[in-house]
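The values are calculated or read from the model by the stated rules, or taken from the named source; none is laboratory data. This one's a predicted model, so the numbers in the text were calculated from it and none came from an experiment. Glycine gets a Cβ as well: all are built from the backbone with ideal geometry, and neighbour counts include every protein chain shown.
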Amino acid sequence: MAGYSIFGEALVLGLASGPACMASCGPVVVPSLLAERAGTRLNARYLSHFLGARFVGYLLFAAVAWGLGALVSLPPGPRLLVVGVVHVLLACVLFWYAYAVGHACAQTCASSKLVTIGGPRKRGVPGAAVLGFLTGFSLCPPFVAAGVRAAELGSIALALLFFAVFFVGTSVWFVPFVSLGWVRRNEAVTTVARMAMTLIALYYFYLGAMMLMGRKVYGY
Amino acid sequence: MSVLLTLPIAIWSFLMFAHFWQPNRSAQIAIIMTAVFMIALFFMMMRTRSTYRWRRWFFVAMGLLFPVGFIHTVIAMRGTMGIPIEEMIAGRTPFCFLPIPLLILPAALTKTVVFPGSILPGRGMAGAGMAAMAGMWLAITIVVGKGWCSYLCFFGGIEEGMAAVVPRAKLKKIDTRWRYGPWAVLLATSLLSLALFDSVYCMWLCPFKAVSEYVAARNTLGLVQNGIFIVLFAGLVIALPLLTKKRTQCAFFCPFGAFQSIFNKTSVFDVKIDRTRCSPCVLCKTACPTMSLTDESIAQGETLLSCMKCGACVDVCPKDAAVWHIKGTEVASKPERARLLLLYAAWGMAIMFGGGIIAQGLATILHVFI
């Protein structure tokens with residue numbers, strides 16, 4: 001019974017933290033989703049890739065942090081390093097995404113496949129999955145909130161399960177993003193999305209570079 | 001007839017400038033000069049039936065005199081153009097209209113205003129407060145839509161002045177996709193403002209920080225931010241308008257301009273192309289300072305959503321095919337009446353908003369001599 005209440009708590013915590021997750025991932029999800037082709041089915045596929053990879057990133061990070069005994073309070077040095085590297089990688093992927101969208105659209109605009117990163121289309125990884133995986137490491141406030149509670153549990157398996165249920169709660173808030181599939185895609189929308197991605201990438205790159213240089217930015 | 005048509009504006013000017021009246025002699029002279037200037041320009045608009053060139057005199061004067069008055073006030077009250085973090089924490093940052101669209105998402109989702117200013121009238125530079133500013137913006141915007149960017153923006157005049165300096169453009173071929181820039185900046189800064197709980201445009205991308213006030217550069221962060229402001233100002237407000245004869249910051253960058261474009265749908269005033277008269281010579285397309293006319297839009301008899309009702313296309317058209325229009329009426333039925341109604345609304349607000357700015361800037365300069 002106690003186990004059920006713990007997971008109920010994880011779900012409620014996830015649902016309550018969802019808006020913060022949505023706001024935190026919004027700069028990555030919204031422009032990249034707009035850069036994809038229209039259609040709710042394709043956009044739902046994008047989100048499933050994004051959330052699935054984010055889930056993997058979440059659990060991986062939680063498992064490693066648990067192993068190091070630092071799930072809640074990662075020391076400032078490694079924390080800056082991890083978040084800095086993630087931001088630089090995120091910036092690189094967003095730059096690539098912005099480039100790949102233009103490239104893909106010039107060749108096979110009618111295709112119903114997602115934009116891929118690296119290699120020919122069949123072997124490439126969906127950009128959504130790469131972005132999702134990287135945002136899973138972002139150490140956003142909801143993640144830390146879940147970490148505090150998960151760290152109190154007895155075993156790593158329970159902690160990961162707690163994270164999984166928490167993740168389901170937060171993911172509900174991402175469902176409305178599917179409605180972006182109804183936005184008609186034309187040159188204007190795709191160009192705006194690509195330009196926005198580039199601007200956001202520049203910001204993340206700056207943030208990451210400053211962290212790697214050991215400078216504090218916005219409370220990290 | 002021109003005198004009669006100018007009379008309501010003269011009365012409105014009298015009421016407004018009487019409100020600005022101060023015991024200081026330099027301020028009094030500045031107020032009288034500004035009132036005469038505004039009434040004379042309106043009279044010339046009526047007499048010559050031309051809008052753009054007379055409006056430009058006002059707009060450039062406002063753009064050039066705003067920094068003069070504002071910087072003087074900031075230095076008198078605070079001793080520096082840099083905003084110290086203590087002032088931000090105390091909510092004494094002056095609020096301008098540019099971050100309005102960026103505040104909407106955080107306010108809607110969290111009931112929080114992510115700007116370090118005061119909602120109600122506050123002490124120091126907080127002035128009338130955000131609520132008054134936002135209320136005034138909304139009222140004006142509903143009426144004139146993106147006309148705000150031609151009659152009320154106190155920054156746009158600097159680049160319009162720069163664009164007017166050169167006789168012809170040196171850079172003529174501009175990729176039309178740059179027109180999407182303001183929407184991209186709006187999307188990126190809105191999302192980042194929500195994610196970071198910060199007015200990202202003000203902190204990172206506003207070119208006009210270079211001529212108003214800036215984040216005090218006490219560390220690397222402040223240094224980088226100020227570097228960006230200066231580069232953007234030099235590029236978008238000075239160099240590119242000189243090369244292209246366009247309002248490049250407004251056309252390719254300003255997120256507020258993109259947001260205002262949406263309100264062109266609510267405004268009853270717009271500009272149409274009368275296809276029965278149009279040749280098309282595309283002089284209007286060349287004259288438009290924000291690239292709001294394309295071959296396709298001219299063929300459809302429309303301007304693009306980004307039209308800011310400056311009147312450049314209407315004035316340049318040799319066949320009177322570009323016309324002022326009131327929605328719901330027939331195109332080119334009574335264009336002069338549409339122009340008059342728009343000008344009464346826009347000029348009335350320009351006197352209220354820009355008149356004070358011009359008078360304050362002039363008073364600052366006159367104060368040196370008197």
| message | Would you confirm, using the coordinates I've provided, whether B:Leu240 is outside any loop (DSSP other than H, G, I, E, B) and within 9 Å of chain A (Cβ to nearest Cβ)? | response | no
Taking the range B:51-82 and keeping residues within 19 Å of B:Gly129 (Cα to Cα) and surrounded by fewer than 21 Cβ atoms within 10 Å (Cβ to Cβ) leaves B:Ile71, B:Thr73, B:Val74, B:Met77, B:Arg78
Being under 30 Å from B:Leu64 (Cα atoms), touching a Lys or Arg at 6+ places or on another chain (Cβ under 8 Å) and in the same structural domain as B:Arg275 (by TED's automatic domain parsing) narrows B:Lys319, B:Lys309 down to just B:Lys309
- Message: Would you confirm whether or not the range B:117-138 contains a residue that is closer than 16 Å to B:Leu236 by Cα and aromatic (Phe, Trp, Tyr)?
- Response: no
For B:Ala132, are the conditions met, namely being free of Cβ contacts under 8 Å to residues at least 60 places away in the same chain and more than 14 Å from every other protein chain (Cβ to nearest Cβ)? yes
Within the range A:4-15, residues in contact (Cβ under 8 Å) with a residue 60 or more places away in the chain and surrounded by fewer than 22 Cβ atoms within 10 Å (Cβ to Cβ) come out as A:Ile6, A:Phe7, A:Glu9, A:Leu11, A:Val12, A:Leu13, A:Leu15
(message) Tell me whether the range B:105-127 contains one or more residues that are closer than 22 Å to B:Met203 by Cα, among the charged types (D, E, K, R), part of a helix (DSSP H, G or I) and free of Cβ contacts under 8 Å to residues at least 60 places away in the same chain.
(response) no
Restricting attention to the range B:320-370, the residues that are modelled with pLDDT of 90 or more, surrounded by 15 or more Cβ atoms within 10 Å (Cβ to Cβ) and not in a helix (DSSP H, G or I) number exactly 6
By my count, helices (runs of 4 or more DSSP H) wholly in the range B:152-232 with at least 2 residues that are away from chain A (no Cβ under 14 Å) are B:156-165, B:220-232
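Inspect the range A:25-43 for any residue being among the charged types (D, E, K, R) and either surrounded by fewer than 17 Cβ atoms within 10 Å (Cβ to Cβ) or modelled with pLDDT of 85 or more (or both) and give the result as yes or no. Quick ask: steps written out before the conclusion?
Within the range A:25-43, the subset among the charged types (D, E, K, R) is A:36-37, A:41.
Keeping just the survivors that are either surrounded by fewer than 17 Cβ atoms within 10 Å (Cβ to Cβ) or modelled with pLDDT of 85 or more (or both) gives A:41.
Yes, that holds for at least one residue.
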Taking first residues from the range A:185-199 that are at the interface with another protein chain (Cβ under 7 Å from one of its Cβ atoms) and without any contact (Cβ under 8 Å) to a residue 24 or more places away in the chain and second residues anywhere that are part of a loop (DSSP other than H, G, I, E, B) and of a type in the set (Ser, Thr, Tyr), the pairs with Cβ under 7 Å that are 6 or more apart or on different chains are none
